[in-house]
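Q: Next up is a structure, given as structure tokens.
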Amino acid sequence: MSEHFDVVVVGGGPAGLSAALNLVRARRRVLLVDSNRPRNSATLLSHGYLTRDGISPLELRKLGREEFLSYDEGTHWQTIATSISKPGEAFVVDCEFRGQQARATADVVLVATGLQETLPAIDGLRAFYGTFVHSCIECDGYGKRDQALAVIGEHADLAERALLLTQWSDDLVVFTNGSAEAVTEAEEALLASRGVRTDRRAIASLQGGREGLTGIELEGGEVVPREGGFVRPAWAGKLEYVAPLGADLDDDGLLIVDDHGRTSVAGLYAAGESTAPGPQQLIVAAGSGARVAAVVNRDLIGGLAELGDRVQ
């Protein structure tokens, strides 16, 4: 047995919740599929979300679900979408969670599952991640203002991230963890002109305890004192479940969409981090979900395109 919905929203982060809320308010019957296992679960506080600055990301999700479920048209399944197919007119969404299977059909599917995050393999990094070491500069730069900071990463945008951080601290050390490509010689010179040192040695571990981060230990034993830091994880789209539809993906494995969130598959939409490289601030993701929800509702109504330039 399966239930039919107007829209299935896959992913219960800010993008998915915002889309789902706006769609039920458009009197659409909406299923929200989410396991409540967010990428930012290690983060204690989220920032930059208007009226909710400093809220726990998990609390923000909880409040969003409650608002969505206050509408009769809203349904939430705590489960994971394992496959989405379209054998006929409707999409088929298969789900499984802790051995329990479920299936739903829908006229439209909106993907908002975000990114999968992989941290560099550095001893002790996971213990400090989300408290003393963060990944989102716009979210957590203010909280680390005027501290001695480490900028850790192995990707080509490391110098850019370090330059952004000079707005919050004038005591920065960039650690490439042995990567020769992360920072070019020209970038190193630019960073040095701003008072930022680059250390290309491999990192052995992060040092500290309950009181916080105290330093970065390099191979060979030297410890560079640091109070906090930012790390550049590797990001990838968690979109294996969409593969049966054959939607177009970009070089980062994310869904290619037009300016309105439409993918290459009719009836399949995407919002938030499933469509753009790198993490977005929560408020940006929520805005993306609301914008795509409006497009979904207009497309379901139909006929608007026939009005031509009069509705542009």
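Q: Could you say whether any residue in segment 61-78 is surrounded by fewer than 16 Cβ atoms within 10 Å (Cβ to Cβ), outside any strand (DSSP E or B) and among the polar types (S, T, N, Q)?
A: Yes, because at least one residue in segment 61-78 is surrounded by fewer than 16 Cβ atoms within 10 Å (Cβ to Cβ), outside any strand (DSSP E or B) and among the polar types (S, T, N, Q).
Q: Of THR131, THR105, which residue is assigned by TED's automatic domain parsing to the domain that holds SER169, among the hydroxyl-bearing types (Ser, Thr, Tyr) and either on the phi < 0 side of the Ramachandran plot or out of contact with any Gly (no Cβ under 7 Å at 6 or more places or on another chain) (or both)? Explain how you work it out, then say what you get.
A: Working: THR105 fails: assigned by TED's automatic domain parsing to the domain that holds SER169.
Checking each option against the conditions leaves just THR131.
Q: Take the residues in segment 154-178 that are of a type in the set (S, T, N, Q) and closer than 18 Å to VAL224 by Cα; name whichever of them is surrounded by the fewest Cβ atoms within 10 Å (Cβ to Cβ).
A: SER169
Q: Based on this model, can you work out whether THR113 counts as in contact with a Gly (Cβ under 9 Å, 6 or more places away or on another chain), part of a loop (DSSP other than H, G, I, E, B) and closer than 30 Å to GLY267 by Cβ?
A: Details: in contact with a Gly (Cβ under 9 Å, 6 or more places away or on another chain): yes; part of a loop (DSSP other than H, G, I, E, B): yes; closer than 30 Å to GLY267 by Cβ: yes.
Yes: the conditions hold for THR113.
Q: For LEU115, indicate whether it is out of contact with any Cys (no Cβ under 7 Å at 6 or more places or on another chain), modelled with pLDDT of 95 or more, surrounded by 21 or more Cβ atoms within 10 Å (Cβ to Cβ) and on the phi < 0 side of the Ramachandran plot. Outline the logic, then answer.
A: Values: out of contact with any Cys (no Cβ under 7 Å at 6 or more places or on another chain): yes; modelled with pLDDT of 95 or more: no; surrounded by 21 or more Cβ atoms within 10 Å (Cβ to Cβ): yes; on the phi < 0 side of the Ramachandran plot: yes.
Judged against the criteria, LEU115 is not a match.
Q: Among (1) in contact with a helix residue (DSSP H, G or I) (Cβ under 6 Å, 6 or more places away or on another chain); (2) assigned to a helix (DSSP H, G or I); (3) not aromatic (Phe, Trp, Tyr), where does VAL174 come up short?
A: (2)
Q: So which residues in segment 185-211 are within 25 Å of GLU117 (Cα to Cα) and surrounded by 13 or more Cβ atoms within 10 Å (Cβ to Cβ), if there are any at all? Lay out the reasoning, then the answer.
A: Pass one, segment 185-211, residues within 25 Å of GLU117 (Cα to Cα): 198-210.
Within segment 185-211, THR198, ASP199, ARG200, ARG201, ALA202, ILE203, ALA204, SER205, LEU206, GLN207, GLY208 meet the criteria.
The values are calculated or read from the model by the stated rules, or taken from the named source; none is laboratory data. Just so you know, these numbers come straight off a predicted model, no measurement behind them. For neighbour counting, all protein chains shown are included, and Cβ atoms are generated from backbone atoms with ideal geometry for every residue, glycine included.
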